[in-house]
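A short reminder: the numbers here are calculations on the coordinates, not readings from a lab. Here the structure is a predicted model, which means the values were calculated and not measured. As a convention, Cβ positions derive from the backbone with ideal geometry for all residues, glycine included, and neighbour counts pool all protein chains shown.
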Amino acid sequence: MKFLSQTFMIRTEKGPQFIDITERVEDAARESGVSNGFAVVFSRHTTAAIRINENEPALLGDMEKMLEQIAPSCAEYKHNEFAHAFSNNGERPNGHSHCQHLLLGASEAVPLVEGRLVVGQYQRIFLIELDHGRDREVVIQLVGE
Amino acid sequence: MKFLSQTFMIRTEKGPQFIDITERVEDAARESGVSNGFAVVFSRHTTAAIRINENEPALLGDMEKMLEQIAPSCAEYKHNEFAHAFSNNGERPNGHSHCQHLLLGASEAVPLVEGRLVVGQYQRIFLIELDHGRDREVVIQLVGE
Amino acid sequence: MKFLSQTFMIRTEKGPQFIDITERVEDAARESGVSNGFAVVFSRHTTAAIRINENEPALLGDMEKMLEQIAPSCAEYKHNEFAHAFSNNGERPNGHSHCQHLLLGASEAVPLVEGRLVVGQYQRIFLIELDHGRDREVVIQLVGE
């Protein structure tokens, strides 16, 4: 019975950006020696999400476009006034990033069977940067035997 | 190796409403004595969701506005006719609440390392009331060693 | 302490379609003999999601309508040109299916207490077909004691 967690940093370049972290999760699973169980993949951020989809470049553009339509970066957000008025840390307006994150989510749980993630043929695990490029932390928690 | 579940009631006041339950989850984690593992936070409802985001009042207003734009409370839902016609339990029209819930989700899994939730600096766990104020049940399942 | 996974096939008929798989998950939980723990329900696809909501036929229609409004099947997706140009496997244009899937998600975790899923009165677990009808695989991973 094992509980192993691994935290790793990812430097994103821009937002939105889909970063395929499937190999990182597979590596962590292999290193853990967990044969049966599952992996919780967790983003430690409120403007960078974890989701599973297909890694096809044209599709990633379509999904970015949809997120922009649902919560446009140029719309008015009260959070942007708040951030502008009260922070001195150079934070850029990111109300849209938070709103988009709310619709995606911070975690996915992926079963592990016989030492392998049971992801389907087209499933890839993404960290999705919704704000501007920066350092991000992802936690992979492996649980199993 | 432990499996501990805790169910607690929350009285919401209105919908939409973001209720920060992070401390409740932290308390449950501490009381459980689980050092490494994770917490599954689960809403037992179809019109009240679990999501993680920043607890900044202006932002919560922005997110409520986005949810209202995606599935407006004043739009037409066939569910509302159904509920009106077939229920005598005083249920108010809540098609929009169900639709919004579909986009958010009922659970998040948060890793626990060295007895602490690994939430990031701005991450807070919310029960999000999408219908009208009432009693709600949240289950916290702690798993670990 | 047990880790048991079960994979089952579901033949969907059309998209969108909400298929109630709650009984399958309950059966898997009962067969596993797990008393306290939880079930991870996972779709092995990028155009078929797992979500929890109420199984009320009029409501399912409302949710299908909302998904179509957010990412219309008739809108332009670059993925559709890609799929058309590069695949010979008869894949139909499904950019909207991937976009809708991004907003829903591939997994839910449901706590198990005293041998029963702690789902609320109206909660039902759905596999949601977002593409056209076909065979789909769902993995149920049971973890507990």
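With the convex hull drawn around the C-alpha atoms of the protein assembly as shown, the volume per residue stands at 136 Å³.
Treating only the Cβ atoms of Lys and Arg (+1) and Asp and Glu (-1) as charged, compute the dipole magnitude of chain B about its Cα centre; round to the nearest 20 debye. Display every interim value, and only then the final one.
On the way: 14 positive and 21 negative charges, 52 e Å.
Taking the Cα centre of chain B as origin, the dipole is about 240 debye.
Approximating the spin labels as points 7 Å out from Cα along Cα→Cβ, the residue C:114-to-residue A:9 distance works out to 4.9 nm.
Once segment A:1-135 is represented by equal point scatterers at the alpha-carbon sites, with solvent omitted, what log10 I(q)/I(0) does the Debye formula produce at q = 0.11, 0.17 Å⁻¹? Computed log10 I(q)/I(0) values: -0.45, -0.93. Other residues with beta-carbon under 11 Å from the beta-carbon of residue B:101 carry, at +1 per Lys or Arg and -1 per Asp or Glu, a net charge of -1. Each residue of segment B:139-145 was assigned a 3J(HN,Hα) from its phi angle through the Karplus expression (A = 6.51, B = -1.76, C = 1.60, θ = phi - 60°), giving 9, 10, 10, 9, 9, x, 10 Hz with x at Gly and Pro. Mean separation of Cα pairs under 8 Å and 6 or more residues apart, divided by the residue count, gives segment C:42-145 a relative contact order of 51 percent. Inter-part distance, segment B:60-75 to segment C:115-138, computed on C-alpha centroids, equals 26 Å.
The residues neighbouring residue B:65, those whose beta-carbon lies less than 13 Å from its own, together hold a net charge of -3 under the Lys/Arg +1, Asp/Glu -1 convention.
Here's the picture: charge each Lys and Arg Cβ at +1 and each Asp and Glu Cβ at -1 in segment B:96-135, and of B:99, B:121, B:132 the one pushed furthest to the positive end of that dipole is B:121.
Please give the residues of segment B:101-145, grouped as numeric ranges, whose backbone N is less than 11 Å from a label point set 7 Å along the Cα-to-Cβ vector of residue B:55. It comes to B:123-127, nothing else.
Determine by what factor the alpha-carbon radius of gyration of segment C:20-87 differs from 2.2 N^0.38 Å, reporting the quotient.
Values: Rg = 17.6 Å, N = 68, 2.2 N^0.38 = 10.9 Å.
Taking the Cα Rg and dividing by 2.2 N^0.38 Å, one obtains 1.61.
On the basis of the beta-carbon distance and an R0 of 45 Å, residue A:68 and residue C:20 show a calculated FRET efficiency of 0.85. Among the residues of C:121-131, the average count of other protein chain beta-carbon atoms within 10 Å of the residue beta-carbon is 2.
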